[in-house]
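The block underneath contains the structure these notes are about, expressed in structure tokens.
The values are calculated or read from the model by the stated rules, or taken from the named source; none is laboratory data. Because the structure is predicted, anything quoted here is derived from the model rather than measured. Cβ coordinates were reconstructed from backbone atoms using ideal geometry, including for glycine residues, and neighbour counts include every protein chain displayed. Side chains are part of the model used for accessible areas, which takes the heavy atoms of the whole protein and leaves out ligands, DNA and RNA. Shrake-Rupley method; radii C 1.70, N 1.55, O 1.52, S 1.80 Å.
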Amino acid sequence: MDPVVALEIGTSKTVVLVGEMREDGSLMITGKGEHPTTGIRKGEIIDPESVVNGARKALAEAESGSSVVINELVLAVTGGHIRGTVHNGTVPVGESDGVITGGDIEEVQELARAVNLPEDREMIHTINQNYSVDDHEPVINPEGMVGAKLSLDILVFHGVRSLLLTTHAAVGRIPMEIQDTVFGGLAAALAVLTPEQKRSGAVVIDLGAGTTDYIAYAGEVVACGGSLGVGGDHVTNDIMIAFNIAQARAEKIKKEHGRALIPEVVDPPRLALPAELGFSGNVVNLRSLHTVINARMEETLQKIRRRLEDANVLTRLGSGIYLTGGGAHMRDITALAESVFGVPCFTGKARHVLSLKKGVDAPEYATCCGLLEYAFRTREQDGERPGSLLSSIFKTLLGRGR
Amino acid sequence: MFKLVRKDKGSVMRRVCVLGVGDGGSHAVDGVLGGNGGEGGEGTIAVINTDPAALAASRAVTKVQIGKQDGTIAGTGGDPLAGKAAAECDIEMIRGLFTDCDALILAAGLGGGTGTGAAPVLLGAARAAGVMTVAVVTTPFLFEGQARRATAQAGLQAITAAADFVCVIDNDSLFAGAGAEGDLAAAFARADEALAGGIYSMWLMLTQPMLISVDLSAFMTLAAKGSGACRFGFGSASGAGRAHAAAKAVKEGPVFKQGEALRASGAALLCICGSHDITLQEVGDLVGEIGASMPEDADLQIATVINEAWRNRIFAAVWLADRRRTVTPVPRPGTRQAAAAATPPKPGTKPTKPAQKELEFEPAGTTRGPFKNMTATILDGEDLDTPTYKRKGIELEK
């Protein structure tokens, strides 16, 4: 199949992956580009120009590595403003004998999707959850069932329109066409979870630099999801304030020495930061460092726990919780997550990914791999239709291979 | 200890314009119109906002959208400069509101874009039209973040400079001692209620016939005795023993720090609102109780407004001149200011700068770091941009 390009403009880095779907269903990453992002805070663009420049560099690297000319891509969006809410539609069953037909299902889908969001918000996805017939137990496919009314719950992901449009405008300035926009948390879940895990119930938490995104599958459907405007940058900022050191230094000691749990014995107890030009040197108490990190990360996970409880999914997680994103590298983070959620927690990595590039199965690439996965799935569903957007895009993309 | 100010009964009733600016101001004006029935006062009631949606929701009769020409079409996004620009751009349209009035009561919630930015411009325009100007403003809750507090602080300075009289309601103080239990919506509703109470009682005082009356100059005098801005607090009660209960609510309420603010203040203005069923005994009790909780040499002026809307009820509004600045940023533990405040200066060393001046610059940058210009991440009533260990008061080993 034709290659697909994924772009994630994260708060700390911009990642581009070029992927092809192989016949056995595994994803082959043929190109990768990466560049540190500047101009984004908490997932939101504050300096479009430097965001565009960073994305251009990442794209150029991916192009030269994969011998593909890129002019179209699938884009991940995130930000604390993105929310998943459940909406419901109900229609009377049309036929007199009460047998539910495809027509009824289409009708209820249309009704449920006609969501009336606040003026400033824009829909990103609608995901069907469950149908129910005459308020009985939820079913996945009601076709052929008998009843008087048919309802459908859908999960709608939406965000602040101006912020989403700012991201779109930035990508347009690269210039690139956007073939699809996907919520980053959803993409990470697509890459990480197997169908069995989704069936038995699982959560993916993407610990990004600017935001923490989550998606929960329970009862075979996406039960809830969303994004908190808190991430690794907050951990770094806390360290900066606690020890009165500069951002780059705080980031470094976070990565090299930070722990999400406070060990009983901290050895060595202190870390000396040697003096440099413009920095008079400092000594960091490592127990305090772990305390600062632990307080922040536990709080963030507790906030997600509350949301999972509100959606009634915490008790329905047969397959546990998977952590992706750069934050998944934090030492002891899975142990902390287990103590917060009380279910097994793992580092989430994109499955079925073969790569010519090293390290693409690391947790921070899960979102981008998921974007590719999403693009191929939507292509399977509607890409065959003649003249569809996707097929026309990829004709041009392939024709210009270098 | 207190004196009565007499007013000539035959004088022409003042025309007062009550103006809500921004979202907080609009809510307060709605509160005046709704909660108190909006009865009694004379004059124009208007709201001004940059956000047409918020304007549409307001109950006020006169609604003015500003900033349209300026390109501000859906709010300022919390930027006071945008609010200021919007007001300056449409100032001619606004001047019309002031042509037919004697006094302006402007209400705004500080910390956002429209109220903070536009209010000083509007006050300036009103003053230029020869209108007495009174600003009743709220300062943000602590949980709204340092950035909003800093914005509010700057806005308050501009407003104090532009208005004849400023009354400040510190939102946070409404909840001091109430614990962390209250929900967010209730907190904002309470703040709007306090703001509405402040405006309503002032509006009545300026427009209604009074048994014992004061006028605007009494407010000016009061302001001059304090630091330029006043605190506002109120208590309301009905039924038997209502005078005592209302006084108790004022004295022991969080706004006046359980009476601490009263004890520290040198001057206050007490307005007692009630219907014709109010007795001399009740007025005497109220004045006596409030007076007793203030220093002996304090200057307490009183006024009473009679309106049938207050049947069975007593509403006691108190404006208090602070002896110190009303809104002083509290240094956060661990910052340089806190350390400086804690250690007494070494003998022989001369303080180089007045401490007050330094305080005004700092709070925004100290804990928010790279997030200082961003929308604060507020979840469950907490500003998540502030380090968790600080919010939870976790001690760090040195």
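Descriptive notes on the structure:
- Pairwise centroid distance, computed over Cα atoms, of region A:320-343 with region A:89-108, Å: 44
- Separation in nanometres of the label points that stand 7 Å from Cα toward Cβ, at A:Leu271 and A:Asp135: 5.8
- Alpha carbon centroid spacing (whole Å) that separates region A:221-272 from region B:233-310: 52
- Peptide packing: for A:156-162, A:74-80, B:273-279, the average count of neighbouring Cβ atoms within 10 Å per residue gives the ranking A:74-80, A:156-162, B:273-279, highest mean first.
- Computed FRET value (nearest 0.05) for B:Lys248 with B:Leu81, which takes r as the C-beta separation and R₀ as 41 Å: 0.40
- Translational diffusion coefficient (Stokes-Einstein; Kirkwood radius from C-alpha pairs) of region A:195-349 at 37 °C, 0.692 mPa s, in µm²/s: 201
- Mean Cα-pair separation over length for region B:232-329, i.e. relative contact order, pairs under 8 Å, 6 or more apart, %: 43
- A:Ala362-B:Gln157 FRET efficiency (beta carbon distance; Förster radius 60 Å; 0.05 resolution): 0.70
- Highest-MSF residue in chain A out of A:Leu186, A:Leu289, A:Leu111 [GNM, Cα springs under 10 Å]: A:Leu111
- Total accessible area lost when B and A pair, probe 1.4 Å, Å² to nearest 100: 2200
- Two-decimal Rg to Rh for region B:232-329 - Kirkwood Rh, Cα set: 0.98
- Paramagnetic label zone (point 7 Å from Cα along Cα-to-C-beta, A:Glu122; backbone N under 15 Å) in region A:19-49: A:44-45
- Dipole magnitude of region A:29-112, debye to nearest 20 (Cβ charges: Lys/Arg +1, Asp/Glu -1, about Cα centre): 740
- Close lysine pairs were tallied over region A:195-349: pairs 8 or more places apart or on different chains with Cα atoms under 25 Å apart number 8.
- Helix A:102-113 and the longest principal axis of the C-alpha atoms of chain A enclose an angle of approximately 40°.
- Within 10 Å of each Cβ in B:375-385, the average number of Cβ atoms from other chains: 5
- Take each residue of peptide A:291-299, count the partner chain Cβ atoms within 10 Å of its Cβ, and average: the result is 4.
- Crossing angle, helix A:48-66 versus chain A [Cα axis fit, 0-90 degrees, rounded to tens]: 80
- The alpha-carbon of B:Lys251 sits under 14 angstrom from the alpha-carbons of these aspartates and glutamates, leaving out residues fewer than 8 places away in its chain: B:Glu260, B:Asp285, B:Glu289.
- Per-residue mean of foreign Cβ neighbours for B:389-396 is 5 (Cβ atoms of other chains, 10 Å radius).
- Cα-based helix-to-principal-axis angle, A:366-382 vs chain A, degrees rounded to 10: 20
- Carbon plus sulfur fraction of accessible area for region A:208-326, probe 1.4 Å, in percent: 49
- Förster radius 25 Å - calculated FRET efficiency between A:Arg377 and A:Val69 (Cβ-Cβ, nearest 0.05): 0.55
- Mean Cβ count within 10 Å, highest first, over the residues of peptides B:23-30, B:51-58: B:23-30, B:51-58
- Under 14 Å from B:Lys63, Cα to Cα: aspartates and glutamates that are on another chain or at least 8 residues apart: B:Asp23, B:Asp30, B:Asp51, B:Asp90
- Eligible aspartates and glutamates near A:Lys357 by straight Cα distance, threshold 14 Å, same-chain separation 8 or greater: A:Glu20, A:Glu34, A:Glu61, A:Glu63
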